[in-house]
Structure formats: structure tokens, C-alpha cells
Amino acid sequence: MSLVLEGGCLCAAVRFHIHQAPLRTLVCHCTFCQRMTGSSFYANSVFPVDAVRFNAGEIRRYEHTSDGSGKKVYVEFCPTCGTTIGLAFERWPDLRAISRGCYDNPNAVDITSNLWTRSAQSGVALPAGIDCFATARSTAEGQPEHPSRYPKPVMAR
């Protein structure tokens, strides 16, 4: 699939260019993502690190240790406006997540799954026809988890 994704932060100091479809685009409802965004969930696309090219601005990192894996998660953000550009991972050093809301056209990528739905806030509707995982897509040992799929939207709580 040939796809060009461009985007950046709120103040436009940080800009990026991606010339590849994401490996997956997901919505995470874990409590870390809720705190990181100050919202109900975090939507992001996952890419190989070298697929994302930053062409403007400085990016700063906040380091967080994951409660689940004990590995570092790096929140990458614009130091001027505070926009979360994405995440980098100690556990998956070859991958980078880019915030879906930072794309110039967020609807250019479809959401393929919802994670940590057991932590989803009240009032959040889980979509129909999309894999919804109670926790992660796989166990810490790498074994795949089994998703739920709903025929119609379901309220999380």
C-alpha cells in the first residue's frame, strides 16, 4: 500500500513525514494512556522506527516505566506546545508509535483494534467489527490474546 502521512504538533514546530502504511493503528484505554493524554484513550499508529522522518522542530522525551512489563516507555512531545507526538519503547526498539491526532488527515488510517478495554472509562463506546482486547494483544511472553468482536457498538461500562 502506498500511503503518505504527514503531520505535526499543535504549534507546527514539529513536523513529520511517513511514506508507509502503519503496521497497525489502535486505541489504547490503559490508565497510562489516559493519564498521558488527559483523556479517555490514546489513538496511535505503529511503524518501524526508520519509516518516520522528522523534518522540523525539537522533540523531548519523558521516560516512564511500564507497570505491566517493567520496560521503559518514552513519551515524545513538543517542548513548545506539549503535544504528544508519539511513543518509543524499550521493549520494541525497532518500533515507534505516532499519535493519530497529529496527522494532517487523521482519517487516512483506520483503527484496527482497541486495547486494555477493561480499563475503558464509562461513556466510551467500543466499536463494532474491530478487535477489542481486555488487556494487551499478547502476553508478556508473546502469546497472542483472544479479542472480542461486537456486532454493534458496546458501552465499556
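The values are calculated or read from the model by the stated rules, or taken from the named source; none is laboratory data. A quick note: this is a predicted structure, and the numbers were derived from the prediction, not measured. FYI the Cβ positions are ideal-geometry reconstructions off the backbone, even for glycines, and counts take in every protein chain you see.
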Check your understanding: Does any residue of segment 19-29 turn out to be modelled with pLDDT of 95 or more, among the polar types (S, T, N, Q) and closer than 17 Å to Val73 by Cβ?
Key -> no
Practice item. Evaluate the following for Asp67: is it in contact with a strand residue (DSSP E or B) (Cβ under 7 Å, 6 or more places away or on another chain), assigned to a loop (DSSP other than H, G, I, E, B) and either farther than 23 Å from Ser40 by Cβ or among the acidic types (Asp, Glu) (or both)? Key: no
Practice item. Can you confirm whether segment 106-113 contains a residue that is of a type in the set (S, T, N, Q), surrounded by fewer than 17 Cβ atoms within 10 Å (Cβ to Cβ), more than 30 Å from Cys9 (Cβ to Cβ) and without any contact (Cβ under 8 Å) to a residue 60 or more places away in the chain? Key: no
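Residue-by-condition table, conditions (1) closer than 30 Å to Ala125 by Cβ; (2) charged (D, E, K, R); (3) in a strand (DSSP E or B):
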residue	(1), (2), (3)
Leu3	yes, no, no
Pro22	yes, no, no
Ser40	yes, no, no
Glu63	no, yes, yes
Tyr74	no, no, yes
Check your understanding: Under the condition of being in contact with a His (Cβ under 9 Å, 6 or more places away or on another chain) and among the β-branched types (Val, Ile, Thr), which residue from segment 63-79 is surrounded by the fewest Cβ atoms within 10 Å (Cβ to Cβ)?
Key -> Val75
Practice item. Might you let me know whether segment 45-55 holds any residue that is closer than 27 Å to Ala156 by Cβ, within 12 Å of the chain's Cα centre (by Cα) and buried (at least 18 other Cβ atoms within 10 Å of the Cβ)? Key: yes
Review point. Failed condition for Leu95, given (1) surrounded by fewer than 18 Cβ atoms within 10 Å (Cβ to Cβ); (2) among the hydrophobic types (A, V, I, L, M, F, W, C); (3) farther than 21 Å from Ala140 by Cα, with all others met?
Key: (3)
Practice item. Residue by residue through segment 124-139, note down the ones that are modelled with pLDDT under 95 and either of a type in the set (Lys, Arg) or surrounded by fewer than 12 Cβ atoms within 10 Å (Cβ to Cβ) (or both). Key: Arg137, Ser138, Thr139
**Study point:** Which listed residue is surrounded by fewer than 18 Cβ atoms within 10 Å (Cβ to Cβ), of a type in the set (Lys, Arg) and within 21 Å of Pro106 (Cβ to Cβ), from Arg35, Arg60, Arg15
**Key:** Arg15
Check your understanding: Can you find even one residue in segment 80-89 that is in contact (Cβ under 8 Å) with a residue 12 or more places away in the chain, of a type in the set (Ser, Thr, Tyr), at negative phi and assigned to a loop (DSSP other than H, G, I, E, B)?
Key -> yes
Check your understanding: Does segment 96-103 contain at least one residue that is part of a strand (DSSP E or B) and polar (S, T, N, Q)?
Key -> yes
Check your understanding: Among the residues of segment 122-132, is any more than 17 Å from Gly7 (Cβ to Cβ), under 16 Å from the mean Cα position of the chain (by Cα) and assigned to a loop (DSSP other than H, G, I, E, B)?
Key -> yes
**Study point:** Residues that are more than 22 Å from Ser40 (Cα to Cα) and either touching a residue at least 60 places away in the same chain (Cβ under 8 Å) or surrounded by fewer than 12 Cβ atoms within 10 Å (Cβ to Cβ) (or both), drawn from segment 140-157
**Key:** Ala140, Glu141, Gly142, Gln143, Pro144, His146, Pro151
